[in-house]
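Trainee: Questions regarding the structure given below will be posed in turn.
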Amino acid sequence: MPAEDLKRAAAAEAVKLVQDGMRLGLGTGSTAKHFVDLLAERVRDGLKVVGVPTSEATRAQAQSLGVPLTTLDETPELDLTVDGADEFDGSLRLVKGGGGALLREKIVAAASARMIVITDETKRVERLGRFPLPVEVTPFGLEATRRAIAHALAVSGCAGDIVLRHKADGHVFVTDGGHFIFDCKLGIIPDAEGLADLLARIPGVMEHGLFLNMADAVIVAAQAGVTIVGDPAGRAKRT
């Protein structure tokens, strides 16, 4: 089964969890795009929901498909966020931000009673770090922030290159919030919680791509079928 079919299979399972009247967080990325497509089909069939997009790309997609939208200012508490991930481990810890929307994704997920992640089997890892860890930063004081990130990585036992993200045309990638992203190529993150705490203390860091104790379940599409890791009903504890 092609990769896009796997992503759509995971998204289709997640759409089943959406109930009439829900306030939804709409994720960003190739897998979340399938979820918005399938959600729009249910909306056209009469489902009543309202969504908060995590990026301008998702906003444009949802609007074009007729999915009603709101903002966190208008609707500060959400029932469910459905989003993708760049990798996840057996403890439902995630690395996100490959699509460049990690700050808004984390804000929306934190405002939600539940977070369901949709992905394919290639994103499962034994230990986080295979995918480069995105760190969203303010452009001001960029080199000072990069050095502070490097120090935090070293203290937490990580090693690897810190690369400023660029677009295909060679220009620096700029997030919807006007920030830059450093991609930290670490290989393995020995202490995700410790690293998350250190990065959060750096003034120039707007947010990092470690999503810890946020996902209630991960819906995983594989060649053999779709499985669910965790509890999609949302009974997982968040600390």
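The values are calculated or read from the model by the stated rules, or taken from the named source; none is laboratory data. Small disclaimer: the values here were computed from a predicted structure and weren't measured. Heads up, the Cβs are rebuilt from the backbone with ideal geometry, glycines too, and the neighbour counts pull from every protein chain shown.
Trainee: Would you confirm whether or not the range 147-159 contains a residue that is in contact with a Ser or Thr (Cβ under 9 Å, 6 or more places away or on another chain), in the same structural domain as Leu195 (by TED's automatic domain parsing) and closer than 11 Å to Leu199 by Cβ?
Mentor: Scanning the range 147-159 turns up no residue that is in contact with a Ser or Thr (Cβ under 9 Å, 6 or more places away or on another chain), in the same structural domain as Leu195 (by TED's automatic domain parsing) and closer than 11 Å to Leu199 by Cβ.
Trainee: Within the range 91-148, can you find the residues that are without any contact (Cβ under 8 Å) to a residue 60 or more places away in the chain, surrounded by 16 or more Cβ atoms within 10 Å (Cβ to Cβ) and in a loop (DSSP other than H, G, I, E, B)?
Mentor: Val125, Arg130, Phe131, Pro132
Trainee: With the condition kept exactly as written, say whether any residue in the range 41-49 is of a type outside the set (Phe, Trp, Tyr), closer than 26 Å to Gly209 by Cβ and surrounded by 13 or more Cβ atoms within 10 Å (Cβ to Cβ).
Mentor: Narrowing the range 41-49 to residues of a type outside the set (Phe, Trp, Tyr): 41-49.
Subset that is closer than 26 Å to Gly209 by Cβ: none.
No, the range 41-49 contains no residue that is of a type outside the set (Phe, Trp, Tyr), closer than 26 Å to Gly209 by Cβ and surrounded by 13 or more Cβ atoms within 10 Å (Cβ to Cβ).
Trainee: Within the range 152-172, how many residues are surrounded by fewer than 12 Cβ atoms within 10 Å (Cβ to Cβ) and either among the hydroxyl-bearing types (Ser, Thr, Tyr) or free of Cβ contacts under 8 Å to residues at least 12 places away in the same chain (or both)?
Mentor: Number of matching residues: 6.
Trainee: Suppose the filter is closer than 26 Å to Asp79 by Cα and part of a loop (DSSP other than H, G, I, E, B); does Gly187 pass it?
Mentor: Considered against the rule, which asks whether it is closer than 26 Å to Asp79 by Cα and part of a loop (DSSP other than H, G, I, E, B), Gly187 comes out as no.
Trainee: Kindly indicate which of Ala159, Ala152 is under 18 Å from Gly129 (Cα atoms), of a type outside the set (Asp, Glu) and either at pLDDT below 95 or part of a strand (DSSP E or B) (or both). Write out each step before concluding.
Mentor: Numbers: Ala152 fails: either at pLDDT below 95 or part of a strand (DSSP E or B) (or both).
Going through Ala159, Ala152 in turn, just one is under 18 Å from Gly129 (Cα atoms), of a type outside the set (Asp, Glu) and either at pLDDT below 95 or part of a strand (DSSP E or B) (or both): Ala159.
Rundown of residues vs (1) of a type in the set (Val, Ile, Thr); (2) surrounded by 14 or more Cβ atoms within 10 Å (Cβ to Cβ), yes/no style:
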site: Thr175; (1), (2): yes, yes
site: Ile181; (1), (2): yes, yes
site: Leu195; (1), (2): no, yes
site: Leu212; (1), (2): no, yes
site: Ala215; (1), (2): no, yes
site: Val218; (1), (2): yes, yes
site: Ala222; (1), (2): no, yes
site: Gly225; (1), (2): no, no
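Trainee: Here's another thing I want to ask about it. Can you pull out the residues in the range 202-231 that are assigned to a strand (DSSP E or B), of a type outside the set (A, V, I, L, M), more than 21 Å from Gly99 (Cβ to Cβ) and touching a residue at least 40 places away in the same chain (Cβ under 8 Å)? Show your work before the answer.
Mentor: In the first step, residues of the range 202-231 are kept if they are assigned to a strand (DSSP E or B); the result is 205-208, 210-211, 217-222, 225-230.
Still in the running and of a type outside the set (A, V, I, L, M): 207-208, 211, 225, 227, 230.
Filter again for more than 21 Å from Gly99 (Cβ to Cβ), leaving 225, 227, 230.
Selection gives Gly230 alone.
Trainee: Tell me, please, whether a residue that is surrounded by 13 or more Cβ atoms within 10 Å (Cβ to Cβ) and within 17 Å of the chain's Cα centre (by Cα) can be found in the range 185-192.
Mentor: Yes, there is a match, as at least one residue in the range 185-192 is surrounded by 13 or more Cβ atoms within 10 Å (Cβ to Cβ) and within 17 Å of the chain's Cα centre (by Cα).
Trainee: Which of (1) among the aliphatic types (A, V, I, L, M); (2) in contact with a strand residue (DSSP E or B) (Cβ under 8 Å, 6 or more places away or on another chain); (3) closer than 20 Å to His208 by Cα is the odd one out, the single condition Ala101 does not satisfy?
Mentor: It fails just one condition, (2).
Trainee: Count, please, the residues in the range 151-176 that happen to be within 24 Å of Arg104 (Cα to Cα) and more than 23 Å from the chain's Cα centre (by Cα). Please lay out each step first, then the result.
Mentor: Initially, the range 151-176 is screened for residues within 24 Å of Arg104 (Cα to Cα), giving 152-153, 162-168, 171-176.
From the residues that got through so far, the ones that are more than 23 Å from the chain's Cα centre (by Cα) too are 171.
Result for the range 151-176: 1.
Trainee: Taking interchain pairs and intrachain pairs at least six residues apart, which have beta carbon atoms under 6 angstrom, with the first residue in the range 173-201 and over 14 Å from Leu142 (Cα atoms) and the second of a type in the set (Lys, Arg) and surrounded by 22 or more Cβ atoms within 10 Å (Cβ to Cβ)?
Mentor: Ala192/Arg93
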